[in-house]
1. Using only the Cα atoms of region 162-237, what are the Rg and Dmax in Å?
2. Taking region 120-218, how much of its Cα-Cα pair set, in percent, is spaced more than 21 angstrom apart?
3. Over all directions, the average projected area of the alpha-carbon convex hull for region 155-199 comes to how many nm²?
4. Please compute one quarter of the surface area of the Cα convex hull for region 143-272 and express it in square nanometres.
5. Please give the solvent-accessible surface of ASP156 in Å², to the nearest 10, using a probe radius of 1.4 Å with every protein chain present.
6. Roughly what percent of Cα-Cα pairs across region 92-138 reach past 12 Å?
7. Pairwise over distinct Cα atoms, reciprocal of the mean inverse distance: report the Kirkwood radius of region 202-247 in Å, one decimal place.
Amino acid sequence: MQDLPSDRDALQALLDFHVEAGVDLALDETPHDRFAERKPEVAKPQPPKASPAQPAPSPRALPKAAASAPEEVAGMAREQARHAQSLEELEAILAGFDGCALKFSAKNLAFADGNPEGRVMLVGEAPGADEDRIGKPFMGRSGQLLDRMLATIGLDRSQVYVANIVPWRPPGNRTPTPQEIAICKPFIARQIELASPEFVLCLGGPAAQNLLGIKEGILRSRGRWFTYKTEDGREIKALPTLHPAYLLRQPLQKRLGWRDFQALKRALDGRE
Ligand code: URA
């Protein structure tokens with residue numbers, strides 16, 4: 001490792017540089033030179049009747065499941081999620097699931113908040129720093145805006161159920177990868193199935209695209225009703241809307257979000 005600068009200003013500048021680059025958490029006590037680490041051996045073609053192939057060594061510090069092929073892990077996730085007979089069981093299964101590497105950089109599982117008996121379930125993308133620290137979805141600034149938007153239609157967290165497609169925070173709040181989403185998707189699908197809300201509000205493009213299979217962007221799909229189909233064949237009305245984090249960055253778009261919440265209100269009142 002390179003020598004660290006010894007004076008305070010240089011150390012502060014180095015720290016600022018890391019924070020700006022998105023490095024906002026330490027994964028280990030000591031740094032590792034990943035370039036100096038041995039590459040996993042590539043399995044060579046086996047001659048006929050050779051002894052069984054050895055699995056490639058898994059990357060350090062990750063349990064075997066998190067280092068397996070994403071399709072294989074997604075299969076394991078589906079299998080495990082299907083076994084959950086209640087939301088409590090599902091949370092416990094998810095807490096013990098080692099297939100998603102995000103679990104190992106996150107502080108907490110942010111499984112859900114609010115009332116699982118509520119008529120509306122809101123699904124976001126992934127927890128941020130506040131959610132990771134507290135262990136519940138939508139706890140930070142986005143969550144506060146979400147609460148204000150719910151209040152405009154007379155709802156609060158005690159009446160709605162809130163979750164994310166990915167329940168662990170991606171380091172530095174990066175976007176979850178398609179593999180991470182594919183691995184976590186069976187769990188959110190089972191969570192929706194078990195909560196069985198009347199309405200699902202997809203907060204932002206990733207939730208809409210991954211839950212509803214929509215290809216178009218959120219600015220096109222928002223405000224239109226879709227059908228979410230559970231694995232056991234139920235149909236739930238689903239409405240994509242803009243993510244509160246986007247509305248914090250683009251306050252003029254709040255009027256669109258407001259319209260979507262009004263549409264939800266009409267549906268709740270049986271007027272849509
Ligand atoms: N953004 C999300 O999508 N989910 C959260 O829980 C917080 C911010």
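1. Both quantities, over Cα of region 162-237: 12.4, 37 Å.
2. Details: 1481 of 4851 pairs.
When all Cα pairs of region 120-218 are counted, 31 percent exceed 21 Å.
3. Values: hull surface 16.5 nm².
Projected over every direction and averaged, the Cα hull of region 155-199 covers 4.1 nm².
4. Values: hull surface 32.5 nm².
The Cα convex hull of region 143-272, projected and averaged over all directions, gives 8.1 nm².
5. 70
6. Of all Cα-Cα distances in region 92-138, 65 percent exceed 12 Å.
7. Evaluated on region 202-247, it is 10.6 Å.
The values are calculated or read from the model by the stated rules, or taken from the named source; none is laboratory data. All values derive from a computational prediction rather than experimental measurement. Just the protein is used for accessible areas: all its heavy atoms, side chains included, with ligands, DNA and RNA removed. Shrake-Rupley method; radii C 1.70, N 1.55, O 1.52, S 1.80 Å.
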